[in-house]
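> Let me give you the structure first, and then I'll get to my questions.
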Amino acid sequence: MRLQMKGKNLEISDSIRSYAEQKLGKLDRQLPDLVQVELELSTEKNPSIRDNQVAEATVFTKGHSLRARKATSDMRASIDGLTEKLMREVKAYQDKRRHEPRRRVGRSGRDLQA
């Protein structure tokens, strides 16, 4: 798994970077090595928003991309919630790929029912 981190309206400290790498490392057991994960950490500047620490992640898989977003008042809690959401999405994605019926293509190019 390749992890790319970006900061929007904040500077990513080494402690937050290592914390995010540790938490998102749990996905490494479930995903193949060639998967790229983009993590964007940001702070909302609007003072009326209480949950202003936002963590967003995109997982680029072989099929389609998986996205998750979590906002809380603490960046570490946002990363924790984001990791939980991504774990559920990855599990559902893998189950769907595993149990989805495959279609065979005949010689004429039309689909045959399996």
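> Output the residues belonging to region 75-97 that are surrounded by 14 or more Cβ atoms within 10 Å (Cβ to Cβ), aliphatic (A, V, I, L, M) and out of contact with any Phe, Trp or Tyr (no Cβ under 7 Å at 6 or more places or on another chain).
MET75, ALA77, LEU82, LEU86, MET87, VAL90
> Here is a further query. Name the single residue, out of those in region 14-29 being surrounded by 15 or more Cβ atoms within 10 Å (Cβ to Cβ) and within 16 Å of LYS85 (Cβ to Cβ), that is modelled with the lowest pLDDT.
Filtering region 14-29 for residues that are surrounded by 15 or more Cβ atoms within 10 Å (Cβ to Cβ) and within 16 Å of LYS85 (Cβ to Cβ), the one modelled with the lowest pLDDT comes out as LEU27.
> Another question, then. Between a first residue in region 63-77 that is hydrophobic (A, V, I, L, M, F, W, C) and a second residue that is part of a loop (DSSP other than H, G, I, E, B), which pairs have beta carbons less than 7 Å apart while being 6 or more apart in sequence or on different chains?
Taking only residues 6 or more apart or on different chains, the pairs are ALA71/ASP51.
> If you check THR43, THR72, which single one turns out to be crowded, with 18+ Cβ neighbours inside 10 Å and over 13 Å from the mean Cα position of the chain (by Cα)?
Answer to the selection: THR72.
The values are calculated or read from the model by the stated rules, or taken from the named source; none is laboratory data. Since this is a predicted model, take the numbers as computed values, not measurements. Neighbour counts run over all protein chains shown; Cβ positions are idealised from the backbone, glycine included.
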